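Take a look at the structure set out below.
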Amino acid sequence: MLLNREERRIDVSYVDGPFRFLDNRWHFEPEGETTCAVNFYINYEFKNRILGAMMGSMFDRAFRKFSEAFEGRADAIYD
């Protein structure tokens, strides 16, 4: 994980596990004095196509829950 404070960005790269690759980026764009937009990008591919077919939709669903939890926690802290 690489934090670039000047660009308000976090880059995460895959290290080890069931993926051929996994990259994601967080970018925080100010939208006023007390708010910001959070842009999140993720790109991944499983090493094994069969595993990818079985896990792909579950992984997507898990990510949606993760992003909803992130938004809910941010609202609770900063709202």
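The values are calculated or read from the model by the stated rules, or taken from the named source; none is laboratory data. Quick caveat, the model's predicted, so the values are computed rather than measured. Note that we place each Cβ from the backbone using ideal geometry, even for glycine, and neighbour counts take in every protein chain shown. Accessible surface areas use protein heavy atoms only, side chains included; no ligands, DNA or RNA. Shrake-Rupley method; radii C 1.70, N 1.55, O 1.52, S 1.80 Å.
Key figures for this structure:
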quantity	calculated
Label-reachable residues, region 15-47, where backbone N falls under 15 Å from a point 7 Å from Met58's Cα toward its Cβ	18-19, 46-47
Selection from Tyr78, Phe63, Trp26, by position along the positive dipole direction of the chain (Cβ)	Phe63
Accessible carbon and sulfur surface of the chain relative to its total accessible area, %, 1.4 Å	53 percent
Dipole moment magnitude, nearest 20 debye, the chain about Cα centre, only Lys, Arg, Asp, Glu C-beta charged	540 debye
Efficiency of FRET from Cβ geometry, Tyr41 and Arg20, R₀ 25 Å, rounded to 0.05	0.90
Solvent-accessible area per residue, Å², over the chain with all protein chains present [probe radius 1.4 Å]	84 Å²
Computed helical MRE - 222 nm, the chain, DSSP H runs ≥ 4 contributing -39500 (n - 2.57), nearest 500	-13500 deg cm²/dmol
Trypsin sites (Lys or Arg not before Pro) restricted to the chain and DSSP loop, no more than 10 other C-beta within 10 Å	Arg5
Those GluC sites (Glu not before Pro) in region 2-79 that DSSP places in a loop and that have at most 13 other beta carbons within 10 Å	Glu6, Glu7, Glu31, Glu33
Percent RCO, i.e. relative contact order, over the chain, from Cα pairs under 8 Å lying at least 6 residues apart	20 percent
